[in-house]
Amino acid sequence: MSTAVREKAVRLPKVRNRTTLITAGLTAALVLCALLAAGIGAYRIPLGDLLASAAHRAGLGGHALDRVPESVLWNVRLPRVVLALLVGGSLGCAGALMQGVFGNPLAEPAVIGVSSGGAVGAVACIVLGLDALGSWTVTAFAFAAGLLTVFAVYAMSRSGGRTEVVTLILTGVAVNAFCGALIGIFLFTADSAAISQVTFWQLGSLAQATWGKVLAVLPFAAAGLAVAPLYARRLDLLALGERPARHLGVDVERMRLVLITVVALLTAAAVAVSGIIGFVGLVVPHLLRMVAGPGHRFLLPASALGGALVLVAGDLAARTVAEPAELPLGVLTALIGSPFFFWLLRRTRTRQGGWA
Amino acid sequence: MRLRRHQEIPERPLPGAELLSAEAVRLTVGGRDLLAGASVRVAAGEVVALLGPNGAGKSTLLSVLAGDAVPAAGEVRLHGRPLDGYGPAELARHRALLPQAAALSFPFPAGEVVRMGRAPWTGTAAAAEDETVVAEAMAATESAAFAERPFTALSGGERARVALARVLAQRTPLLLLDEPTAALDLRHQELVLRVARARAAAGDGVVVVLHDLSLAAAYADRVVLLAGGATVADGPVAEVLRAPLLSEVYGHPVEVLPHPRTGVPLVLPERD
């Protein structure tokens, strides 16, 4: 027994060191990528100018740039970088949360159809030209539709307190098809301007970023990202299953309601401004789990960081690899994400003989 | 720092004091009577074996005792208080349940799984001894050797022991064990029941579902025999484990012999 105690005393700091190291690494990479993304593009802004302008705005010396670079930086680049941060953080965290709530490593907003559910709300809003809530209208609609979809998927794919992978994915297939049909109906009735707007939006892109959009997403993303870590320990317990978690004192029903709402908040925030950007919420938590274990106290914040990093870097790539043309970001993440998803399925099959 | 409500640590019950009682419990699911008049009680310091053929309602009764299922009729009392008056957090400091099959959605290391058993005590004075309790529980179940390995990579028997260690680490005065020996070899079956006995000796109440009647005879203080969702016998080992009663309940002729050395009943199916 005494050796076991000693072993544990040695092991725990090691894991903690590793998670600290990963968190620090992710943060550093994120800052670096954000700076690069702010500087690189059709109009290059050197790092020195960038910092000078930022210092000037913050009232810490520095100097303003010429009219054009100053405007490019503050009205085009920065809102886009900040939006990528928010959307990526939301998607990464939503993926990790959803996997925890469903007790299933394949749950992801896009895979199970929540993103397309949110998209129905957003498309309805665009096509019908609704703007009752100003710039928040699309987000609010996406949120309402997303919430409805999460609860529907959840209710349909559970039986006996568990969610089997096959049922979950098939439910996702059905929900995606249904949402696609709804979007089709809206497109059928829309005029050509709305159609091209919706089509482009559906591919997933941050090209239309403005400070207004940043503000529209911010409260949703911030609320979701703030609430999620409070449930980290209880999500760990939920991995034991619903009954055992309850036997350990977790109010499972309440936690599930709260967290599903949080997932819908985060996904809707992301979908409303950027369209469907898939696989971020799948790939990022998976990689983090592989290197640092499945504990949610690390996984939830780190997935937000990692998601933000992937999206800032992805968006930088999307607008620079095919210059002067710009790839839709959702297309890029799907191009990289789907093979990863496939590899994951293969690996699980060979290791444990697949999912029941 | 987060503020927490003041959390009570339940007092250790006196030996012999009644911990839990279920009186004439009925439960109907999908038109089928899973329980139809099942009664069981457990006092501090005793091991009660819950026996009966497949489908007799042993696991169902255990989940009613744990507060998972609310009976349609009858009453379950914990420390004399109706079970539905307890919140999940309070209940978690009073009773622990070992489920039949241990599953885990993510590959947590075995040691981390055992540590999950300490969750109900977070924020109480008892949290100070978390590390010791976890180490003791793993030592008692001989699972310390694979503390670092992912739970999902363990063999069935290893998982069962880790799951038991988690339940022991919860340190509740009442233990409900659903077939804790099912996945285990002979040596570890004995180990698990010795652990149950040790917990009873320390003043806890233990209810254990078993299929091996001789194992129950050797380790239980009292036996509750279920058939068709109802309690058909409740008493000391020697009174309940009689050949005519068991033959009738199990629908197979059974013989009960005293062990040549210890005199403890051995229950064997009659074979040609």
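The values are calculated or read from the model by the stated rules, or taken from the named source; none is laboratory data. Only a predicted model underlies this, so the values are computations on that prediction, with no experimental measurement involved. Quick reminder, even Gly has a Cβ in these numbers, built from the backbone with ideal geometry, and neighbours come from all protein chains shown. Surface areas here come from the heavy atoms of the whole protein model, side chains and all, with no ligands, DNA or RNA. Shrake-Rupley method; radii C 1.70, N 1.55, O 1.52, S 1.80 Å.
Annotations for the structure displayed:
- Residues (within 9 Å of chain B (Cβ to nearest Cβ) and either on the phi > 0 side of the Ramachandran plot or open to solvent by 20 Å² or more (accessible area, probe 1.4 Å) (or both)) located in the stretch A:246-262: A:ARG246, A:GLY249, A:ASP251
- Residue in the stretch B:25-33 that is buried (at least 22 other Cβ atoms within 10 Å of the Cβ) and more than 9 Å from every other protein chain (Cβ to nearest Cβ) present: yes
- Selection from the stretch A:22-75 of residues that are buried (at least 16 other Cβ atoms within 10 Å of the Cβ), among the aliphatic types (A, V, I, L, M) and either free of Cβ contacts under 8 Å to residues at least 12 places away in the same chain or not in a helix (DSSP H, G or I) (or both): A:ILE45, A:ALA54, A:LEU65
- Of the criteria (1) modelled with pLDDT of 85 or more; (2) over 17 Å from A:CYS33 (Cα atoms), which one A:LEU329 fails: (2)
- Selection count, the stretch B:121-151, where residues are of a type outside the set (Phe, Trp, Tyr), touching a residue at least 24 places away in the same chain (Cβ under 8 Å) and open to solvent by less than 10 Å² (accessible area, probe 1.4 Å): 7
- Condition broken by A:ALA232, with the remaining ones in (1) open to solvent by 20 Å² or more (accessible area, probe 1.4 Å); (2) within 13 Å of chain B (Cβ to nearest Cβ) satisfied: (1)
- Qualifying residue in the stretch A:318-333 (condition: closer than 21 Å to A:ALA209 by Cβ, among the charged types (D, E, K, R), open to solvent by less than 20 Å² (accessible area, probe 1.4 Å) and touching a helix residue (DSSP H, G or I) at 6+ places or on another chain (Cβ under 9 Å)): no
- Looking only at the stretch A:290-321, and only at residues there that are away from chain B (no Cβ under 12 Å) and of a type in the set (D, E, K, R), the one that is farthest from A:ALA24 (Cα to Cα): A:ARG319
- Screening A:ARG243 against (1) assigned to a helix (DSSP H, G or I); (2) on the phi > 0 side of the Ramachandran plot leaves a single unmet condition, (2).
- Residues of the stretch B:42-56 classified as part of a loop (DSSP other than H, G, I, E, B) and open to solvent by 10 Å² or more (accessible area, probe 1.4 Å), total: 5
- Qualifying residue in the stretch B:64-76 (condition: in a strand (DSSP E or B), under 18 Å from the mean Cα position of the chain (by Cα) and away from every other protein chain (no Cβ under 14 Å)): yes
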